[in-house]
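Encoded as structure tokens, the structure appears first; notes follow it.
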Amino acid sequence: MSKPILQLIDISKEYYGNRVLKKVNLTVYPGEVHAIVGENGAGKSTLMNILFGMPVIHSTGGFSGQIIFDGEPADINSPKVAMEKGIGMVHQEFMLLPGFTITENLKLNREITKHNLVSKLLGEKMKSLDMEAMRKDARKALDTLGVDIDEMLPVEGLPVGHKQFIEIAREIDKTNVRLLVFDEPTAVLTEIEADLFLKAVEKLAASGIAILFITHRLSEVMQVADNITVIRDGEVVGRLTREEATIEDMARLMVGRKIDRIEKTKKVNNGTDENILEIKNLKVDMPGEVVKNVNLNVKKGEILGIGGLAGHGKIGIANGIMGLYPASGEVIFKGEKIKLNSPNDVLSRGMAFVSEDRRGVGLLLDESIEKNIVLTAMQVQRKFLTRILGVNFALSSKIREHAKKLIKELDIRCTGPEQPVRRLSGGNQQKVCIARAVTLEPDLLFVSEPTRGIDVGAKKIVLDLLLKLNQELGMTIVITSSELAELRSICDRIAIIYDGKLEGILPPDADDTDFGLMMAGGHSDKAKEVS
Amino acid sequence: MSQIKKFIDNFGYTRIIIILFLILLFIAAFALELQTKSLISGILNRAGMNMLLTLAMVPSIQSGTGLNFGLSIGILCGVLGAVLSIAMDLTGGRAFFVANVLGILFAIVAGYVYGLLLNRVKTQEMLIGTYAGFSVVSGMCMFWILAPFKSPKMIWPYGGRGLRVTVSLEDTFDKVLNNFLLGQYNGIEVPWGLYGYIILLCLAVWLFSRSKTGIAMQTAGSNPRFAEASGINVDSMRIIGTILSTVLGAMGILVYAQSYGFLQLYTAPLYMAFPAVAAILIGGATVRKASIAHVIIGTFLFQALLVVALPVTNAVLPEGNLSEVVRIIISNGIIVYALTRIGGGE
């Protein structure tokens, strides 16, 4: 092969003392399609942000290592520099102006202009657009991709697939483009569109442009990539060529062996045969986490894990059942159908929820710990109230007593029950959230992302606490988490959600390959159903 | 030193600056040999007069609709109650009572409708509220002209259509609260009756904030998504807050009117929300958090400023109505300063 267009040498990056990339090396040649695969949070996006000189990298202390572009060391400190060097990026979100035509969008800020009478007098700024030339360029770019749409159509109302193609066309229209980065380009495409897209990628590569391709869809990787780099926890864990790679290998590398199971000492509650919750055809319209059709049963007394990659809808399930986002379908709790879209109904039936959005939904940041703990129980179950002259007043003494008890039991580190929760650490804030849920004395507890944003020590404490609630109080717990290792450490069964639907259910000690395959979708037939 | 800094941080720079300015004004007043005793009586009277209108800001802030710039809606309800009580030919305490009952009834209905409106324009409440207030004031102008009232106390003495711009309350409920238990101490007047009434209402608002509904309302205000997740109906809590605020506005204007001795119709209520907004902001409230203490401190500071600033500027700049201009600059300046601090700090 010729000399490499891009070399990344020993790239490391820390966010606030948290290492997200550890000495990553990567080499890309012209005309090569190079796929980067990895779980959420593996460090793929950070790597691309470094390559593209995004401000977020430099505002958090920069990175160490070296980027060599086209044989020369490059100092890419802003997206503008990256673009000048010929690095193009196709974003996940569309950055298009809806009211403008395809041509105008393609040529935005790079318009071809020609002189007219006024501009000859008043200078460059007054030149008019050379629409004919712009149209030709747009047509050429679209043809390269093999898309047959009129270049003068407005972008508004076009199908998502076409928008994605326009994004790509805009990048390839830049004459100097040498390297194109695609960040999960097929996530929003239908299968036919994805096929079309992959063909376009191959065409582009054939014309000598190097392509970096980030995706979760392992089958696509097999289809187009020449070389594959697998990243896990900020480290390169595997480099494969298309010939030697198999989907199973990639899945195993992606998930990796990192189980640290907290053994259930007393195996009292592992779930009975009785279903406490039956979810039928649940659809939830939660932006970014759409649930398309989930059927799932939760057994009384178990800890059920819900896993899957970000954006596939696992977060939406608990939020939908709790009535926080519009939901439809049927949910049966303890034999009775619950009213959807009504948090009050769900709470009063004996379900509680610890939200993944701790600071947004989970806490009243400026209020005291005690208020945060008792508020939901007070509103829903009329606890901690006293009736004077027909009006319900809060009973401070009882609230204080209860708060003190829970602070002690859950070991919430604070100066006292009156301390505002804003001043607590992430782990202790999470304990306050759990304390509020426990105050409701629920039969079923939903916990979403229980360890997000809290430090390692606190993570174990929170997981132990959930296990204790399950073992000692017999509480059924449904944990939704992006961290598979965490689910595998305490759950009895793990349901994997892919593309808004249940892909399969696995036991926590199932093979890494199975987890990886399920999370990447399309291999449900290989899954072992456990009951 | 650090302790002084901590104290200043706690107390707030705004309030310290205003207190220093106030002290400066008092020194000036003393130097200019103005009547300090009448100034103090004036402060006590003006603060009492405006306190309830400031208190009306508390439920609206707590329920999350921000400062109630549409307070004029409540004010109009109170004025309407008063006009009806005069039309019924009532006098004294009874007139005041009936005016309150009617005013509260109107305010509940108006507050409910206004609340529905505010629920449709979330995050824009203050701007929309200002203009909703303006429109209702203008609409009521037509009512004052067209309403078929016959009482000679209210219609123009020379005949014609409509009510007067200012209606004297001399024969109805002028100073019913101010003169009730009025204390005289060495030339300083303290209207104990007025303050008793205010303390009673402050207590009621405080008690409400300790009730189940009150706590739900504050939760809806401080974090709507949390409230939703706790089974609280955020929209109806916002409506409750708006109704309470409107009711307090109606009661507030009646206290104001009995103290002033006149009922002001037509465009007078147009800008009445602004001094109340300024007062509670000076008191230390923010758009998200307000307490009774903010109301009391804020009303005293703001009214003291106006009461003292006027005669002082009059003495320093006797030309024309410069003092009035200064008053407007000061009170609007305070509002601007306080509003720029929205969302700043905890």
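The values are calculated or read from the model by the stated rules, or taken from the named source; none is laboratory data. The model shown is predicted, which means the values in this text are computed figures rather than measured ones. Here the Cβ is made from the backbone with ideal geometry for all residues, glycine too, and neighbour counts use every protein chain on show. Side chains are part of the model used for accessible areas, which takes the heavy atoms of the whole protein and leaves out ligands, DNA and RNA. Shrake-Rupley method; radii C 1.70, N 1.55, O 1.52, S 1.80 Å.
If the condition is being assigned to a helix (DSSP H, G or I) and surrounded by fewer than 19 Cβ atoms within 10 Å (Cβ to Cβ), then the range A:437-458 contributes A:Val456, A:Gly457.
Scanning the range B:225-279 for residues that are more than 14 Å from every other protein chain (Cβ to nearest Cβ), open to solvent by 30 Å² or more (accessible area, probe 1.4 Å) and not aliphatic (A, V, I, L, M) yields B:Tyr256, B:Tyr260, B:Phe262, B:Gln264, B:Tyr266, B:Thr267, B:Tyr271, B:Phe274, B:Pro275. Do you know which residues across the range B:182-217 are within 11 Å of chain A (Cβ to nearest Cβ) and of a type in the set (Ser, Thr, Tyr)? Of everything in the range B:182-217, those that are within 11 Å of chain A (Cβ to nearest Cβ) and of a type in the set (Ser, Thr, Tyr) turn out to be B:Ser209, B:Ser211, B:Thr213. Of all the residues in the range A:382-392, those that are more than 10 Å from chain B (Cβ to nearest Cβ), more than 39 Å from the chain's Cα centre (by Cα) and among the basic types (Lys, Arg) number 0. Candidates in the range A:393-412 are the residues that are under 13 Å from A:Ser368 (Cα atoms) and open to solvent by 20 Å² or more (accessible area, probe 1.4 Å); of these, the one that is nearest to the chain's Cα centre (by Cα) is A:Ile407.
Can you say whether A:Ile434 is assigned to a helix (DSSP H, G or I) and under 35 Å from the mean Cα position of the chain (by Cα), as far as the supplied structure shows? Yes.
Within the range B:78-98, being among the small types (Gly, Ala, Ser) and more than 9 Å from B:Ala250 (Cβ to Cβ) holds for B:Ala82, B:Ser85, B:Ala87, B:Gly92, B:Gly93, B:Ala95.
Residues checked against (1) part of a loop (DSSP other than H, G, I, E, B); (2) touching a residue at least 40 places away in the same chain (Cβ under 8 Å); (3) open to solvent by 100 Å² or more (accessible area, probe 1.4 Å):
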residue: B:Ile145; (1), (2), (3): no, no, no
residue: B:Gly160; (1), (2), (3): yes, no, no
residue: B:Glu170; (1), (2), (3): yes, yes, yes
residue: B:Phe173; (1), (2), (3): yes, yes, no
residue: B:Val176; (1), (2), (3): yes, yes, no
residue: B:Phe180; (1), (2), (3): yes, no, yes
residue: B:Val190; (1), (2), (3): no, yes, no
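Scoring B:Arg94 on the criteria (1) more than 24 Å from B:Gln264 (Cα to Cα); (2) without any contact (Cβ under 8 Å) to a residue 60 or more places away in the chain; (3) not hydrophobic (A, V, I, L, M, F, W, C) leaves a single failure, condition (1).
For the residues A:Gly308, A:Gly350, A:Gly335, the requirement of being of a type in the set (Gly, Ala, Ser) and open to solvent by 40 Å² or more (accessible area, probe 1.4 Å) singles out A:Gly335. Inside the range A:220-239, residues that are more than 22 Å from the chain's Cα centre (by Cα) and under 15 Å from A:Val28 (Cβ atoms) make up a count of 5. Applying the set (1) closer than 25 Å to B:Ile334 by Cβ; (2) out of contact with any strand residue (DSSP E or B) (no Cβ under 9 Å at 6 or more places or on another chain); (3) at pLDDT 90 or above to B:Gln218 leaves exactly one unmet item: (1). Is there a residue being modelled with pLDDT under 90 and touching a helix residue (DSSP H, G or I) at 6+ places or on another chain (Cβ under 7 Å) anywhere in the range B:234-241? So far as the range B:234-241 goes, no, none of its residues is modelled with pLDDT under 90 and touching a helix residue (DSSP H, G or I) at 6+ places or on another chain (Cβ under 7 Å). Count of the range B:32-76 residues, restricted to those that are among the acidic types (Asp, Glu) and either within 23 Å of B:Asn178 (Cβ to Cβ) or crowded, with 23+ Cβ neighbours inside 10 Å (or both), is 0.
Could you please let me know if A:Glu409 is over 16 Å from A:Thr439 (Cβ atoms) and modelled with pLDDT under 90? Here the answer is no, as A:Glu409 does not meet what is asked. Scanning the range B:192-224 for residues that are open to solvent by 70 Å² or more (accessible area, probe 1.4 Å) and either closer than 30 Å to B:Asp89 by Cβ or among the charged types (D, E, K, R) (or both) returns B:Trp192, B:Leu200, B:Arg210. Note on the range A:304-347: residues that are in contact with a strand residue (DSSP E or B) (Cβ under 6 Å, 6 or more places away or on another chain), without any contact (Cβ under 8 Å) to a residue 60 or more places away in the chain and charged (D, E, K, R) total 1.
When you look at B:Gly221, is it within 14 Å of chain A (Cβ to nearest Cβ) and touching a residue at least 60 places away in the same chain (Cβ under 8 Å), yes or no? In short, yes. Since A:Glu409 meets every condition but one in (1) more than 12 Å from chain B (Cβ to nearest Cβ); (2) touching a residue at least 12 places away in the same chain (Cβ under 8 Å); (3) touching a helix residue (DSSP H, G or I) at 6+ places or on another chain (Cβ under 9 Å), which condition does it not meet? Single failed check for A:Glu409: (2). Sub-6 Å Cβ pairs linking a first residue in the range B:51-80 that is closer than 16 Å to B:Ile292 by Cβ to a second residue that is in a helix (DSSP H, G or I) and among the acidic types (Asp, Glu), at least 6 apart or interchain, number zero.
Here's the yes/no breakdown for (1) away from every other protein chain (no Cβ under 14 Å); (2) more than 12 Å from the chain's Cα centre (by Cα):
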site	(1), (2)
A:Val284	yes, yes
A:Lys292	yes, yes
A:Ile306	yes, yes
A:Gly311	yes, no
A:Gly323	no, yes
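For the range A:339-361, a residue qualifies if it is within 19 Å of the chain's Cα centre (by Cα) and at the interface with chain B (Cβ under 7 Å from one of its Cβ atoms), and the qualifying residues are A:Ser355, A:Gly360, A:Val361.
Selection of the range B:108-126 for residues being in a helix (DSSP H, G or I) and out of contact with any Gly (no Cβ under 9 Å at 6 or more places or on another chain) yields B:Ile108, B:Val109, B:Tyr112, B:Val113, B:Leu116, B:Asn119, B:Arg120. Here the range B:78-94 is the region considered, the condition is being open to solvent by less than 10 Å² (accessible area, probe 1.4 Å) and within 21 Å of the chain's Cα centre (by Cα), and the residue that is nearest to B:Thr219 (Cα to Cα) is B:Gly78. Tallying residues that are under 15 Å from the mean Cα position of the chain (by Cα), within 14 Å of chain A (Cβ to nearest Cβ) and open to solvent by 20 Å² or more (accessible area, probe 1.4 Å) within the range B:280-329 yields 1. Here the range A:241-274 is the region considered, the condition is being of a type in the set (A, V, I, L, M) and within 25 Å of the chain's Cα centre (by Cα), and the residue that is modelled with the lowest pLDDT is A:Ile259. With respect to the conditions (1) touching a residue at least 24 places away in the same chain (Cβ under 8 Å); (2) over 23 Å from A:Asn227 (Cβ atoms), A:Asp70 falls short on a single one, namely (2).
When B:Phe7, B:Phe97, B:Phe26 are screened for being open to solvent by 70 Å² or more (accessible area, probe 1.4 Å), modelled with pLDDT under 90 and part of a helix (DSSP H, G or I), only B:Phe7 passes.
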